[in-house]
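Student: Got a structure here, written out as structure tokens. Questions coming.
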Amino acid sequence: MGNYVLRCVECGSTISGPMNFYCKCDALVRSIYSRKKLRTRDLPGLWKFYDWLPVRRNSEYDGKPITYKSEHLAKGVGLDDLYISFNGYDPDIGANLKTCTFKELEAAVEIEHAMESNAPRLAVASAGNTARAFAHLASKMNFPVVLIIPNRCLPDVCITESVTPAIKTLVVKDGDYSDAIAVAKKLSAFGIAYDGGARNIARRDAIGTILFDAVLLAKRMPKHYFQAVGSGTGGIAIWEAALRLRDDGRFGTALPRLHLSQNWPFAPMVKAWRARRREMLKEDVDVPDILDVIYARVLSNRYPCYGAKGGLYDALESTNGEMYGITNEEAKIAGKLFESLEGTDVVPAAAVAVASLLRASEEGKINRKDVVLLNISGGGEKRLREEVGVKEIKGIPISKNSSLEELEEAIS
Ligand SMILES: *Cc1c(COP(=O)(O)O)cnc(C)c1O
Ligand SMILES: [Zn+2]
């Protein structure tokens, strides 16, 4: 017996089988850990939260979220207790994510989980940052993956070292992120496991470490949590982590209120949540040429994990959440403000989150004395480029309509 089981949040079925995150009732599957109190272990990086990660050993990966208490941005926004979870590259504060975003934490735990599950090879669709994280880490761990990304996002996939031949990158010439997901699912015909995106418990539990790290510093649960969302993974994950901490009891029982943001005009979850709809409408997601229109391209998922039981709608409902649609202009201004006050550049999606914090403050949704956690989901790109250097990876062009024969050729 291990330290966790997987259970459907809706019908309670126990789910078994390697890399199986699906219940017949279509609700999300969640990991239930035998340990009920937060405990840190003397292990490198995020493995210090080993008890609440779905693995039976730790890898040599040593990255983790870095939480610190903000002085300058806090003053600018008028908050006494603003904590920043920095997930990127900034050696001055011990932040050593060489792919600059929290996707690296997801990749680290997911690869370990997949290896322990004896998955021969994984298919991972991405709008940039996930592919970047997997190209880097799967190379280091010599674990075979097929990455599928839209052409427009290829320049975002820059890594510090060369990829190993075990990594294949398929570039969808004529499609967006959602087309890339469709191709990833097709590859199961060749025994390549689709990683499941937000449904993959390893990904979500990896993000949970962001909240665990923050409560160790703040000594209690934050009252508000700010993050930009694309697939919804991060929002669901923080909610689930908060439920674990609530059971622990030592950090308070009120769940953090989720303040989640998208990049207007592509904001399907903002529109659905504002209308308190569990369903997203076709017109919510049909924004033409999304990847050319929005600044934060990683937020372009047309099939987020929103309406399914245990998904983002439930997370928002359970935490009395808020959603914000942030324009490109607002995000750029907020990103510059963050850099000038906190001293580090942030990626576009993190700039969207900063803008949502400014908006919430203006609208009186947060109070000076509230404990607030802002997730800087990516940053430090400038220093990484200057001090370490990065190079683009090469891709194999495919079409979103490629036949199985063509796909087989591309991945071999
Ligand atoms: C993927 C990503 C997000 C969105 O997170 P989800 O968990 O997919 O909703 C936000 N910020 C950055 C930097 C990302 O790479
Ligand atoms: Zn079920």
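Taken together, the values in this text are just the output of simple stated rules run on the coordinates, not laboratory data. Nothing here was measured: the structure is a model prediction, and the numbers come from that model. Every residue, glycine as well, gets a Cβ built from its backbone with ideal geometry; the counts of neighbours run over all protein chains shown.
Student: I'd like to check something: does the range 221-234 contain any residue that is assigned to a helix (DSSP H, G or I), within 13 Å of ligand 1 (Cβ to nearest atom) and crowded, with 23+ Cβ neighbours inside 10 Å? Full working, then the answer.
Tutor: First, pick out the residues of the range 221-234 that are assigned to a helix (DSSP H, G or I): 233-234.
This time we only want the ones that are within 13 Å of ligand 1 (Cβ to nearest atom), so: 233-234.
Right, trim to crowded, with 23+ Cβ neighbours inside 10 Å and you get 233-234.
Yes: the range 221-234 contains one or more residues that are assigned to a helix (DSSP H, G or I), within 13 Å of ligand 1 (Cβ to nearest atom) and crowded, with 23+ Cβ neighbours inside 10 Å.
Student: Go through the range 27-41 and count every residue that is surrounded by 14 or more Cβ atoms within 10 Å (Cβ to Cβ), away from ligand 1 (no atom under 16 Å from the Cβ) and assigned to a loop (DSSP other than H, G, I, E, B).
Tutor: Within the range 27-41, residues that are surrounded by 14 or more Cβ atoms within 10 Å (Cβ to Cβ), away from ligand 1 (no atom under 16 Å from the Cβ) and assigned to a loop (DSSP other than H, G, I, E, B) number 2.
Student: Within the range 297-312, is even one residue among the β-branched types (V, I, T), over 15 Å from A228 (Cβ atoms) and assigned to a helix (DSSP H, G or I)?
Tutor: Taking the range 297-312 first, the residues among the β-branched types (V, I, T) are 298.
Pick out the ones that are also over 15 Å from A228 (Cβ atoms) and you get none.
Looking for residues that are among the β-branched types (V, I, T), over 15 Å from A228 (Cβ atoms) and assigned to a helix (DSSP H, G or I), one finds none in the range 297-312, hence no.
Student: So A353 clears everything in (1) of a type outside the set (D, E, K, R); (2) within 13 Å of Q227 (Cα to Cα); (3) crowded, with 22+ Cβ neighbours inside 10 Å; (4) in contact with a helix residue (DSSP H, G or I) (Cβ under 8 Å, 6 or more places away or on another chain) except one condition, right? Which one?
Tutor: (4)
Student: Six or more apart or on different chains, Cβ atoms under 8 Å: show the pairs whose first residue is in the range 173-197 and touching a residue at least 60 places away in the same chain (Cβ under 8 Å) and whose second is among the acidic types (D, E).
Tutor: Once the first residue is touching a residue at least 60 places away in the same chain (Cβ under 8 Å) and sits in the range 173-197, its partners that are among the acidic types (D, E) give A184/D195; F190/E408; D195/E110.
Student: What's the number of the only condition in (1) buried (at least 22 other Cβ atoms within 10 Å of the Cβ); (2) of a type in the set (G, A, S); (3) within 16 Å of ligand 2 (Cβ to nearest atom) that G17 fails to meet?
Tutor: Answer for G17: the failing condition is (1).
Student: Can I ask one more? With E381, E363, E386 as the choices, which residue is more than 18 Å from I93 (Cα to Cα) and surrounded by fewer than 22 Cβ atoms within 10 Å (Cβ to Cβ)? If you could, list the steps in order and put the result at the bottom.
Tutor: Details: E381 fails: more than 18 Å from I93 (Cα to Cα); E386 fails: more than 18 Å from I93 (Cα to Cα).
Within the list E381, E363, E386, the selection yields E363.
Student: What is the one condition in (1) closer than 24 Å to A218 by Cβ; (2) within 16 Å of ligand 1 (Cβ to nearest atom); (3) not hydroxyl-bearing (S, T, Y) that P44 does not satisfy?
Tutor: (2)
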